1. Any residue that is touching a helix residue (DSSP H, G or I) at 6+ places or on another chain (Cβ under 6 Å), farther than 16 Å from ALA7 by Cα, modelled with pLDDT of 95 or more and not aromatic (Phe, Trp, Tyr) - is there at least one of those in the stretch 83-94?
2. Would you check which residues across the stretch 67-103 are farther than 30 Å from GLN134 by Cβ and outside any loop (DSSP other than H, G, I, E, B) and list them?
3. So, in the stretch 80-92, of the ones that are loosely packed, with under 11 Cβ neighbours inside 10 Å and more than 28 Å from SER66 (Cα to Cα), which residue ends up nearest to the chain's Cα centre (by Cα)?
4. Mind checking which helices (runs of 4 or more DSSP H) fall wholly inside the stretch 1-66 and carry at least 1 residues that are of a type in the set (Ser, Thr, Tyr) and within 15 Å of ILE77 (Cβ to Cβ)?
5. Checking TYR23 against (1) free of Cβ contacts under 8 Å to residues at least 40 places away in the same chain; (2) surrounded by 15 or more Cβ atoms within 10 Å (Cβ to Cβ), only one condition comes out false. Which one?
Amino acid sequence: MISGKFAITIHILTLLHQFPEEYLSSEFLASSMNVHPVLVRKEIANLKKNNIVVSKEGKNGGSKLSVSAASLTLDTIFKMTFETVNLGYAKNTPNPKCPIGRKMNEKLSDLYDEINTKISSELSNITLEKFSNQF
């Protein structure tokens, strides 16, 4: 399902790209997005797991990019946060005797596959650097 995780992750990475020499705290990052630092820390944990950022603790602690923004595509970031877009299916199993119902979930799956292919194609052409340089 769609959530704000991708937006939060892109926001974090854009800030880290804009301040490459600094370790930015989750409080600083959260203040830019006007969200709770816990939400930022959850996404930072995912970015660390995927070796996109490094962090250090302490008074001057925080996170910074560990990869080149020029080589990190938005598709890679998207797949770290969602893997795929899924707009959902009916809560009830459609009627298998109905000519529409019996094929609805199959046709929705086909549609979602097509959407994901298009999203991936578009996001593969945009690097974090290119996105970040808009600011």
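The values are calculated or read from the model by the stated rules, or taken from the named source; none is laboratory data. Everything numeric in this text was worked out from a predicted model, so none of it was measured. Ideal geometry is used to build each Cβ from the backbone, glycine not excepted, and the neighbour counts take in all protein chains shown.
1. No - not one qualifying residue is present in the stretch 83-94.
2. Passing the criteria: GLY101, ARG102, LYS103.
3. LEU87
4. Here the list reads 5-18.
5. (1)
Okay, residues lined up against (1) polar (S, T, N, Q); (2) within 18 Å of ILE12 (Cβ to Cβ); (3) surrounded by 11 or more Cβ atoms within 10 Å (Cβ to Cβ):
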site: VAL38; (1), (2), (3): no, yes, no
site: LYS49; (1), (2), (3): no, yes, no
site: GLU57; (1), (2), (3): no, yes, no
site: GLY62; (1), (2), (3): no, yes, yes
site: THR73; (1), (2), (3): yes, yes, yes
site: PHE78; (1), (2), (3): no, yes, yes
site: ASN105; (1), (2), (3): yes, no, yes
site: ILE126; (1), (2), (3): no, yes, yes
site: ASN133; (1), (2), (3): yes, yes, yes
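Residue-wise test of (1) among the hydrophobic types (A, V, I, L, M, F, W, C); (2) closer than 30 Å to ASP113 by Cα.
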position	(1), (2)
LEU15	yes, no
TYR23	no, no
VAL35	yes, no
LYS42	no, yes
LEU47	yes, yes
SER66	no, no
